[in-house]
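Participant: My structure is below; once you've seen it, I'll send some questions.
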């Protein structure tokens, strides 16, 4: 059966089975423990305006795809930052500052992580320096400045902004609050991942007696995907099928799974999914994702607008949902997989399946969101 939504056929770019899959709960929890997640949850849940974000069923979409249930974790209202990233950077800032008001925090970002760090710094009256690439929109830069951060634009891509952040931070003795891990820099990224993993603690409370059979996880540098896998190890007594989804222009996890080692991608084209347009998987996330994810799938940008419109249609959920460009990959890859009968069978997506998707952001870039929501000409490129 060919599944067509909004009059358009949905396809994926590349699919890969992880032949090294062997879910090792002990190894995962040695890297990010249940205690790490519980400590993060205890702190974050005490913050002003905290509430568990909704877990919503997409009833019509599940019927269309002949799947029992599709759960959508809606992060569009997380602490008014409209992104799950609010859980990570701000928590890391709190932990590393330890009440010291004299430190300066710095980070490189495509947008959402930087907003979280800036917000966390503002909460604690700390100075904050944010490095962004030339491809980050003016709206995202303004959002970080509005939170009190000094925003420094760097020529080149995200990796170039990270290099400059590290350079200036070392020169000025600023404290780097990065969600990317590298040799001798793992503590802060693990803190951000512990913050992200609190989503799984919320989800476990929300699904009640339902059992998740599949979970589709977006990946940029892999922090959120790895954090959710750690959440699975910590909170579930079963192991759902885990699928990692990436833009086809920046599929660094997929390429690394192919070879069994971290591969750096030379990004030729920046994806509209800007927060996922990353050329290299982070060290700690890689140690978790490498052997503990079942499949990888890459997708093009051309279904982002259709998916945003789908979410905004109340008939697909209990209400109208605001999902930004990085909230769409789970839905895109799910529909595309169900459009390929052989792949749907291989993934065991059927009338008994209960699929978890992460709506990881809302309209964090309001201008781009409106452009995508109102886009009608499929042949016209969106910048």
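None of the figures in this text is laboratory data; all of them are computed from the coordinates on show. All figures in this text were calculated on a predicted structure; none of them were measured in a lab. Don't worry about glycine lacking a Cβ; one is built from the backbone with ideal geometry, like all the others, and counts go over all protein chains shown.
Participant: Let me have the 222 nm mean residue ellipticity of the chain computed from DSSP H runs of 4+ only, each contributing -39500 (n - 2.57), with the sum over all residues rounded to the nearest 500.
Facilitator: That calculation yields -12000 deg cm²/dmol at 222 nm.
Participant: Further, regarding this structure: Could you work out the relative contact order of region 25-88, using alpha carbon pairs under 8 angstrom and six or more residues apart, expressed as a whole percent?
Facilitator: In percent, rounded to a whole number, it is 23.
Participant: Additional query: Over the chain, calculate the relative contact order: mean separation of alpha carbon pairs under 8 Å at least 6 apart, over the residue count, as a percent.
Facilitator: 25 percent
Participant: Could you order peptides 247-254, 11-18 by the average number of other Cβ atoms within 10 Å of their residues, highest first?
Facilitator: Per-residue mean Cβ counts within 10 Å order the peptides as 247-254, 11-18.
Participant: OK, next. Out of 79, 51, 131, any idea which swings most in a Gaussian network model of the chain, alpha carbons joined below 10 Å?
Facilitator: Its mean-square fluctuation being the largest, the pick is 51.
Participant: A follow-up question, please. I'm a student and want to see the number: the projected area of the Cα convex hull of the chain, averaged over all directions, in nm².
Facilitator: Answer in nm², one decimal: 17.1.
Participant: Still on this structure, please answer the following. Taking only the alpha-carbon positions of region 89-178 and ignoring solvent, what does the Debye formula give for the base-10 log of I(q)/I(0) at q = 0.19, 0.25 Å⁻¹?
Facilitator: Each listed q maps to, in turn, -0.73, -1.23.
Participant: Which whole-number percentage describes the relative contact order of region 289-329, with Cα contacts under 8 Å and a sequence gap of 6 or more?
Facilitator: Relative contact order here is 33 percent.
Participant: List 241, 163, 212 from most exposed to least, where exposure is judged by having the fewest other Cβ atoms within 10 Å.
Facilitator: Ascending number of Cβ neighbours within 10 Å: 163, 241, 212.
Participant: Related question: Working from Cα positions, state the angle (0 to 90°, nearest 10) between the long axis of helix 223-235 and the longest principal axis of the chain.
Facilitator: 70 degrees
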